[in-house]
Amino acid sequence: MHWNETIGTLLAELGFVTRTGKSTANAVIKRPFAVVTGASSGIGYELARCCATNGYDLLVVADDANLDEAAAQLHKCGAHVESVEADLAIHRGVDAVFEAIDGREVDALLASAGHGPGRSFLEQDFDDVQHLIDSNITGTLDLVQRIARRMQARGSGRILVTGSIAGFTPGSYQAVYNGTKAFVDSFAFALRNELKDSGVTVTCLMPGATETDFLERADLLDTRLGTQKKADPADVAKRGFTAMIDGEGEVVPGWMTRMRAAMAMIAPSSALAERHRKAAEPETARPLAPT
Ligand SMILES: NC(=O)c1ccc[n+]([C@@H]2O[C@H](COP(=O)([O-])OP(=O)(O)OC[C@H]3O[C@@H](n4cnc5c(N)ncnc54)[C@H](OP(=O)(O)O)[C@@H]3O)[C@@H](O)[C@H]2O)c1
């Protein structure tokens, strides 16, 4: 289905317009409203761009000054864009997002904020470990719960959570990150089931390695993971956005990523951990076989 049709269908479902695109007699025509976390760069930025080019107004969230530049670019796509600079790893950060929503109906929540430091677990500073868990899990769940409760009460809404195929694999040299993504993937499937028949859909986007700032921030550029060919974040986001609009449960973008995900379902955990070690152990950087 073409995106314009898709958004038309969504708008009709939400009661803003008829399926022919004309406004209903009593309905106030308004643009749908999306909250996108992690929107300052990478997959989250591209998800926000998909929303903007498909008629959504936006509240975008990240924890750095790049967010303003991202918001300015998104505004050029025709969306009304508000930004909230907040650390989602702390309750105050999630409070700030909720306050900025200010009681408005959120039609779509795209929770993509996350990070994933590499190196061995014993070398990692525990404050960083805590921040990782609080960003990827606690902050995500807190925001999803607050927004999903309202969606459930009114019987409509779309939620997209960015998990990862990392959640299928014990992540040697990225052990905590992969654990957080196993949690997020599992949580998204469970929440989707709890909300079935409620009018609220939950979609789990599970990318493989994607060309963003993620691996540099993770200090993984001297690893095979850091140097292998990666997916285009715009392609990943388009697949995720379309799946969200269509109300699909899960999406693994890219056939090679789907192959990896399928392998992870059948291979023993010890073999998967060893494979991840070869990809993420420091100073393993060398060209891999084409992906
Ligand atoms: N790139 C990959 O290979 C890959 C693969 C699978 C899944 N993913 C997942 O995709 C999502 C997006 O990552 P990306 O690849 O697009 O990386 P990215 O370019 O580094 O973007 C990460 C985004 O999350 C935000 N963020 C992280 N921690 C935050 C916090 N505590 N509070 C507020 N914002 C926070 C960052 O904002 P700040 O700059 O303000 O921190 C940034 O906007 C993550 O959940 C990641 O786990 C990535």
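Quick look at the values:
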{"item": "Some residue of the range 63-77 being touching a Pro at 6+ places or on another chain (Cβ under 6 Å), in the same structural domain as K238 (by TED's automatic domain parsing), modelled with pLDDT of 95 or more and not charged (D, E, K, R)", "result": "no"}
{"item": "Qualifying residue in the range 84-92 (condition: at pLDDT 95 or above, more than 19 Å from the chain's Cα centre (by Cα) and in a loop (DSSP other than H, G, I, E, B))", "result": "no"}
{"item": "Some residue of the range 225-237 being modelled with pLDDT under 95 and hydrophobic (A, V, I, L, M, F, W, C)", "result": "yes"}
{"item": "Residue within the range 235-246 that is assigned to a loop (DSSP other than H, G, I, E, B), farther than 29 Å from D127 by Cα and charged (D, E, K, R) present", "result": "no"}
{"item": "The range 93-120 - residue that is part of a loop (DSSP other than H, G, I, E, B) and near the ligand (Cβ under 9 Å from one of its atoms) and, of those, nearest to the chain's Cα centre (by Cα)", "result": "S112"}
{"item": "Residues that are in contact with a helix residue (DSSP H, G or I) (Cβ under 7 Å, 6 or more places away or on another chain), closer than 18 Å to S172 by Cα and near the ligand (Cβ under 8 Å from one of its atoms), drawn from the range 195-224", "result": "G208, A209, F214, L215"}
{"item": "Of the criteria (1) in contact with a strand residue (DSSP E or B) (Cβ under 7 Å, 6 or more places away or on another chain); (2) outside any loop (DSSP other than H, G, I, E, B), which one P253 fails", "result": "(2)"}
{"item": "First in the range 197-208 and within 10 Å of E250 (Cβ to Cβ) and in contact (Cβ under 8 Å) with a residue 12 or more places away in the chain, second anywhere and within 14 Å of the ligand (Cβ to nearest atom) and in a strand (DSSP E or B), Cβ under 6 Å, 6 or more apart", "result": "T203/L160; C204/V161; C204/E250; L205/L160; L205/T162; L205/V251"}
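The values are calculated or read from the model by the stated rules, or taken from the named source; none is laboratory data. Fair warning: this is a prediction, and the values are worked out from it, not measured in the lab. Because the Cβ atoms are built from the backbone with ideal geometry, glycine has one as well, and the counts that use them run over all protein chains shown.
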